[in-house]
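Colleague: Handing you a structure now.
Nothing in this text is a laboratory measurement; each read-out follows from the coordinates by a stated rule. Quick caveat: nothing in here was measured; it's all calculated off a predicted structure.
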């Protein structure tokens, strides 16, 4: 059997933590920032975890992670 391929879009967006949880960057911080408040932009910084309902589909896209 040939190897399974990792979805390259998922590999660019998600990383696995040592414990097995998945981290992702925050959304809504790329453009149209002038109408967003400073507080909102500050709270969108950093990394958050993927919700448990989406974790299985991300694991399927990244079989060797």
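Colleague: In whole percent, what relative contact order does the chain give with Cα contacts below 8 Å and a gap of six or more residues?
Modeller: Normalised by residue count, the contact order of the chain is 42 percent.
Colleague: Counting each DSSP H run of 4 or more residues in the chain as -39500 (n - 2.57), what helix-only mean residue ellipticity at 222 nm follows after dividing by all residues, to the nearest 500 deg cm²/dmol?
Modeller: -8500 deg cm²/dmol
Colleague: So what is the orientation-averaged projected area of the chain, using the convex hull of its C-alpha atoms, in nm²? Mind dumping the intermediate values first?
Modeller: Numbers: hull surface 22.9 nm².
Taking a quarter of the hull surface, the average projection is 5.7 nm².
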